[in-house]
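J.: Provided herewith is a single structure, encoded as structure tokens, for subsequent inquiry.
The values are calculated or read from the model by the stated rules, or taken from the named source; none is laboratory data. Keep in mind that this is a model prediction, so the values were computed, not measured. Quick reminder, even Gly has a Cβ in these numbers, built from the backbone with ideal geometry, and neighbours come from all protein chains shown. The protein model used for the area step is the full one, side chains on, heavy atoms only, and it has no ligands, DNA or RNA in it. Shrake-Rupley method; radii C 1.70, N 1.55, O 1.52, S 1.80 Å.
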Amino acid sequence: MPSRHFEDFAVGTVFEAGSVTVSTAEIVEFATRYDPQPFHVDAEAAQASIYGGLIASGWHTAALMMRLFVDSIAADTAALGSPGVDELRWLLPVRPGDTLSVRMTVVEARVSQSKPDRGLVRGRFEVTNQDGGLAMSLTALMFVLRRPA
């Protein structure tokens, strides 16, 4: 039984979702499968690119963010999924050896008008690197069950 419900997501609440260090092997493995652009899979080509070295796919960064969010927050929440993401931005390249941290701030929480057993929570996600630089941001909406009476 999840311990976190809609009522635990008050506007302004901040959730820290942990951190992960990104390796060269992970960057190349993910990109080879899902985003095989040269600056993600080939160190020499990446060195000659505008990035001056290998960088992670933005989709890899998003997947890492999601894993940290699920492990730290969603797994213990009466979450029902998400209808989508808005304002996804990749702001800084993620490089081998970077340690990414994830933070979610609740920016909206409202009870569903059509299904009063649940609410909608809008969260602002920020993925920062070890230097505090904002590597990625997005806003996501999720459905969360209300606490049983």
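J.: So how much accessible area does residue 87 have, in Å² to the nearest 10, using a 1.4 Å probe?
T.: Roughly 110 Å² of residue 87 is accessible to a 1.4 Å probe.
J.: Relative to the Cα centre, what is the charge dipole magnitude of the chain, using +1 at the beta carbon of each Lys and Arg, -1 at the beta carbon of each Asp and Glu, and rounding to the nearest 20 debye?
T.: Roughly 640 debye for the chain.
J.: Okay, next question. Given the options 92, 109, 55, identify the residue whose Cα lies farthest towards the positive end of the charge dipole of the chain (+1 on Cβ of Lys, Arg; -1 on Cβ of Asp, Glu).
T.: Final value for the positive-end residue is 109.
J.: If you find the alpha carbon centre of segment 17-59 and of segment 108-149, how far apart are they in angstrom?
T.: If we compute the Cα centre of each part, the gap is 28 Å.
J.: So what does residue 11 come to for accessible area, using a 1.4 Å probe and Å² rounded to 10?
T.: Accessible area, nearest 10 Å²: 100 Å².
J.: So what is the 222 nm mean residue ellipticity for the chain from helices alone, if each DSSP H run of at least 4 adds -39500 (n - 2.57) and you divide by all residues, rounding to the nearest 500 deg cm²/dmol?
T.: Helix contribution divided over all residues of the chain: -7000 deg cm²/dmol.
J.: Hey, another quick one. Given a 1.4 angstrom probe, I'd like the percentage of the accessible area of the chain that is carbon and sulfur, rounded to a whole number.
T.: It is 54 percent, rounded to a whole number.
J.: Take the Cα atoms of segment 88-131, find their three principal axes, and give me the spread along each one in whole Å, biggest first.
T.: Per principal axis, max minus min of the Cα coordinates gives 46, 15, 14 Å.
J.: Further question: For the chain, what relative contact order do you get, as a whole percent, if you take Cα pairs closer than 8 Å and at least 6 residues apart?
T.: After rounding, I find 31 percent.
J.: Considering only DSSP beta bridges whose two residues both sit in the chain, what percent are antiparallel, to the nearest 5?
T.: Counting only bridges with both partners in the chain, antiparallel ones make up about 95 percent.
J.: Quick one: how many Å² of residue 51 are accessible to a 1.4 Å probe, rounded to 10?
T.: Approximately 80 Å² for this residue.
J.: Still on this model: In Å², what does the accessible area per residue of segment 1-65 work out to with a 1.4 Å probe?
T.: 56 Å²
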